[in-house]
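Engineer: This is the structure I want to talk about, given as structure tokens.
The values are calculated or read from the model by the stated rules, or taken from the named source; none is laboratory data. From a predicted model like this one, the values you see are computed outputs, not experimental measurements. Cβ sites come from the backbone with ideal geometry, for glycine too, and all protein chains shown count toward neighbours. For accessibility, only protein heavy atoms count, side chains too; no ligands or nucleic acids. Shrake-Rupley method; radii C 1.70, N 1.55, O 1.52, S 1.80 Å.
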Amino acid sequence: MSIWSRIADALSALASGEGLTAVFDRLRSPPEKTVAFTIAVIALSAKMAKADGLVTRDEVMAFREVFHIPREDEEGAARVFNLARQDVAGFEEYAKRIRAMFGQDQGTLCDLMEGLFHIAMADGTYHPGEDAFLLRVAEIFDLPDGSFRRLKSRFVPDAAPDPYDVLGVEPGMTLKEIRATWRQLVRESHPDRMIARGVPEEAVKLSERRLIDINRAWEEIAAREHA
């Protein structure tokens, strides 16, 4: 059964009048976490779309880059998006339920935030409303400030990303300490580790860009130290 069929089953289990927040309360065990992750990204993307007032074709395409949606499953994905857009519950309520669903699993929450950044930047513009939205979601997820800065430095092209921010390290750390952090980030970005965290196989390609970014940051720092 595809993940989209499982999502359809989860939605069909909603009682009349129930919103998507009810789904987040039910999908907490490992087999369902991949379904929950996908619904969470779709739902928060729908809420984020209101932050800049419109949904662009680029954002739709970016979502397709995060999740490979077979044509026969497009209707199901659209239903999740529309349910979230129409739901009277605000994005903060969604974020709180998602935070409770994944508990202390900050790795998965960072994976989810990465998908949201990817979609937010799809049109090439980082809207102030999107920044406020993502910052508030990160706060509700209880992510460290460094995790948010690391994601923002990778996705928002205000300037060349600071390699120390990309790795979440401080310039005063030794090269040995920075290397250890880089290696840990590489391990966490391995597809098998991501799938174990509940990231669906359809979204694991997020790790491809992440690995490019963290390896480039390490190489730049190492080159500076040896200059």
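Engineer: Can you work out which of the residues in segment 192-201 that are open to solvent by less than 50 Å² (accessible area, probe 1.4 Å) and at negative phi is modelled with the highest pLDDT?
Structural biologist: M194
Engineer: In addition: On the given criteria, is A222 more than 30 Å from S2 (Cβ to Cβ) and small (G, A, S)?
Structural biologist: Yes.
Engineer: Pairs needed: first member in segment 211-227, free of Cβ contacts under 8 Å to residues at least 40 places away in the same chain; second member anywhere, assigned to a loop (DSSP other than H, G, I, E, B); C-beta distance under 6 Å; at least 6 residues apart or different chains.
Structural biologist: L211/S189
Engineer: For segment 78-190, please list each of the helices (runs of 4 or more DSSP H) lying entirely inside it that holds at least 2 residues being open to solvent by 10 Å² or more (accessible area, probe 1.4 Å) and closer than 23 Å to A43 by Cα.
Structural biologist: Filter on segment 78-190 gives 91-102, 106-120, 128-140, 145-155.
Engineer: A further question on this structure: Hey, can you tell me all the residues within segment 94-119 that are among the polar types (S, T, N, Q) and over 17 Å from F148 (Cβ atoms)?
Structural biologist: Scanning segment 94-119 gives a single hit, Q104.
Engineer: Scanning for something of a type in the set (F, W, Y), in contact with a helix residue (DSSP H, G or I) (Cβ under 6 Å, 6 or more places away or on another chain) and farther than 29 Å from L27 by Cβ, does segment 141-160 turn up at least one residue?
Structural biologist: Checked segment 141-160: no residue is of a type in the set (F, W, Y), in contact with a helix residue (DSSP H, G or I) (Cβ under 6 Å, 6 or more places away or on another chain) and farther than 29 Å from L27 by Cβ.
Engineer: Separate question: Condition (residue is open to solvent by 70 Å² or more (accessible area, probe 1.4 Å) and part of a loop (DSSP other than H, G, I, E, B)) applied to segment 209-224: is it met by at least one residue?
Structural biologist: no
Engineer: Collect the residues in segment 93-149 that are more than 19 Å from L211 (Cβ to Cβ) and hydroxyl-bearing (S, T, Y), keeping them in residue-number order.
Structural biologist: Those that are more than 19 Å from L211 (Cβ to Cβ) and hydroxyl-bearing (S, T, Y): Y94, T125, Y126.
Engineer: If you don't mind, there's one more thing I want to ask. Which is among the charged types (D, E, K, R), at pLDDT below 80 and exposed (fewer than 14 other Cβ atoms within 10 Å of the Cβ), of E65, E74?
Structural biologist: On inspection, the qualifying residue turns out to be E74.
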